[in-house]
Amino acid sequence: MFKSGFVSIVGRPNVGKSTLMNNVVGEKIAIMSDKPQTTRNTIQAVYTDENCQMVFLDTPGIHKPKNKLGEFMVKSATDAFKNVDVVLYVVDESKKIGPGDRKIIEDLRGIKAPVVLVLNKIDQLDESDLFELMKMYHVEGVFKEIVPISALKGRNIKELIKVVQKYLQEGPKYFPDYMITDQPERVLVSELIREKVLHYVHDEIPHGVAVEIEKMKSRNDKQIVDISAVIYCERDSHKGIIIGKNGRKLKGIGKSAREDIELLLGSQINLQLWVKVKENWRNLQNYVSNFGYTDK
Ligand SMILES: Nc1nc2c(ncn2[C@@H]2O[C@H](COP(=O)(O)OP(=O)(O)O)[C@@H](O)[C@H]2O)c(=O)[nH]1
Ligand SMILES: [Mg+2]
């Protein structure tokens, strides 16, 4: 019997949802960073083996929205509670259930799909802490199972797959074997660039960064793809920081983005980056939509 289904990955920002999804499918589909709210869209990644197919939905972290972009992100995340076969609720090694998690747990009580608690970052826990945490979540009475993992170190991922498989029904193969994501190449490329920007900048700048691919075209004669992209930020001062002294930071961003994009596309890349300012874009609906943060 072949089983299949949709599995959403939900939880607060920064608990490791994207890292988990990437580890499951073995490719970098969703960008990761130590900044909260890195993921802005719901991203699908497909895991297929001989017995089952799971379509994972990586969602933006659930938080209090402060602008139109935030509203879109939280809506995408909470929509992922509905019409799925299994929900993976990811938490990290925090010792207490804070108000953010409390709200999510209460929402999860009302849903139909089975909820599996994924306790991530166990590489940062000793055994007695792990036991205490499992007990703390167990008494909530919401979770069908509790699976401790380390998404970063790849620990216990296979066991997690087995647990999810248990809760799936017989079903079709929705996607061909070779397909691992619904994200178009252009989007993956712009996300990789955004990831590098996040890596290089701090404070409030990352939240106001968006990347738009203006051109992406392979040359006929050679195995080279020309890409030009604009990094948008919200202030002139931010633009200066992203470019850096003598353009050094932008060069660093370009170099590491190019390396990742070459791995992704398997060809040589000629990458041109520009930085532009669009004040307050996160509150301007047309910009939020233009940057791809829109219901499909
Ligand atoms: N130590 C440790 N760090 C992790 C683990 N999983 C994720 N992280 C880190 O947590 C941060 C947030 O990860 P990310 O996947 O972007 O979280 P998301 O916001 O929930 O999608 C990154 O710096 C990851 O490297 C883990 O298992 N152990
Ligand atoms: Mg994420």
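Every read-out reported here was derived from the displayed coordinates using simple, explicitly stated rules and does not represent laboratory data. Everything numeric in this text was worked out from a predicted model, so none of it was measured. Reconstructed Cβ throughout: ideal geometry from the backbone, glycine too, with neighbour counts over all protein chains shown.
Count, please, the residues in region 88-98 that happen to be within 16 Å of ligand 2 (Cβ to nearest atom) and either in a loop (DSSP other than H, G, I, E, B) or touching a Phe, Trp or Tyr at 6+ places or on another chain (Cβ under 7 Å) (or both).
Adding up the residues that qualify gives 1.
Per-residue answers, yes or no, for (1) within 15 Å of the chain's Cα centre (by Cα); (2) away from ligand 2 (no atom under 12 Å from the Cβ); (3) more than 24 Å from residue 281 (Cα to Cα); (4) buried (at least 18 other Cβ atoms within 10 Å of the Cβ):
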site	(1), (2), (3), (4)
21	yes, no, yes, yes
30	yes, no, no, yes
46	yes, yes, yes, yes
49	no, yes, yes, no
60	yes, no, no, yes
80	yes, yes, yes, yes
85	no, yes, yes, yes
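Among (1) under 20 Å from residue 288 (Cβ atoms); (2) surrounded by fewer than 16 Cβ atoms within 10 Å (Cβ to Cβ); (3) within 23 Å of the chain's Cα centre (by Cα), where does residue 235 come up short?
(3)
Restricting to region 115-157, give me the number of residues that are buried (at least 18 other Cβ atoms within 10 Å of the Cβ), within 16 Å of ligand 2 (Cβ to nearest atom) and assigned to a loop (DSSP other than H, G, I, E, B).
4
Quick grid of which residues meet (1) farther than 25 Å from residue 193 by Cβ; (2) touching a residue at least 12 places away in the same chain (Cβ under 8 Å); (3) surrounded by 19 or more Cβ atoms within 10 Å (Cβ to Cβ):
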position	(1), (2), (3)
7	yes, yes, yes
15	no, yes, yes
63	no, yes, no
74	no, yes, no
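Six or more apart or on different chains, Cβ atoms under 8 Å: show the pairs whose first residue is in region 141-166 and over 19 Å from residue 114 (Cβ atoms) and whose second is basic (Lys, Arg) and crowded, with 20+ Cβ neighbours inside 10 Å.
Between residues of region 141-166 that are over 19 Å from residue 114 (Cβ atoms) and residues that are basic (Lys, Arg) and crowded, with 20+ Cβ neighbours inside 10 Å, the close pairs are 150/121; 151/121; 152/121.
Here are some conditions: (1) in contact with a Lys or Arg (Cβ under 6 Å, 6 or more places away or on another chain); (2) on the phi < 0 side of the Ramachandran plot. Residue 34 meets all but one. Which one does it not meet?
Only one criterion is unmet by residue 34, namely (1).
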